[in-house]
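Note sheet for the following structure.
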Amino acid sequence: MMTYREKIESRLHAAQVNGGAAAATPRDAGLYTVTGRAGDRYSVRVFGLEEMRCDCKAGQYGNPCWHAAAAFLRTIADRTNSTNERATLR
């Protein structure tokens with residue numbers, strides 16, 4: 001049986017294989033759309049770096065999914081880009 005950490009690492013890897021941060025399209029502050037492998041679209045709400053919720057089947061049961069991992073990667077990328085842009089403007 002996988003530990004929770006192993007599940008998260010596995011979902012992050014799956015997110016990277018499926019497009020990484022680019023797989024998550026921002027819709028609103030903290031809300032992303034991620035298109036699954038079969039073409040279904042899922043909504044992922046990011047409540048910070050510790051909590052994400054996806055409306056896919058796994059997410060409905062509180063399990064980590066690659067859709068939430070992709071939104072997490074997008075959140076990190078956007079924060080990093082924002083920080084870099086502010087540093088450049090100084």
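The values are calculated or read from the model by the stated rules, or taken from the named source; none is laboratory data. Keep in mind that this is a model prediction, so the values were computed, not measured. Please note: Cβ atoms are built from the backbone with ideal geometry, for glycine as well, and neighbour counts cover all protein chains shown.
Values as computed for the structure displayed
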| item | result |
| --- | --- |
| Any hit, the stretch 6-29, residues being out of contact with any helix residue (DSSP H, G or I) (no Cβ under 9 Å at 6 or more places or on another chain), loosely packed, with under 11 Cβ neighbours inside 10 Å, assigned to a helix (DSSP H, G or I) and among the basic types (Lys, Arg) | no |
| Hits in the stretch 39-57 - residues which are at pLDDT below 95 and either β-branched (Val, Ile, Thr) or part of a helix (DSSP H, G or I) (or both) | VAL46 |
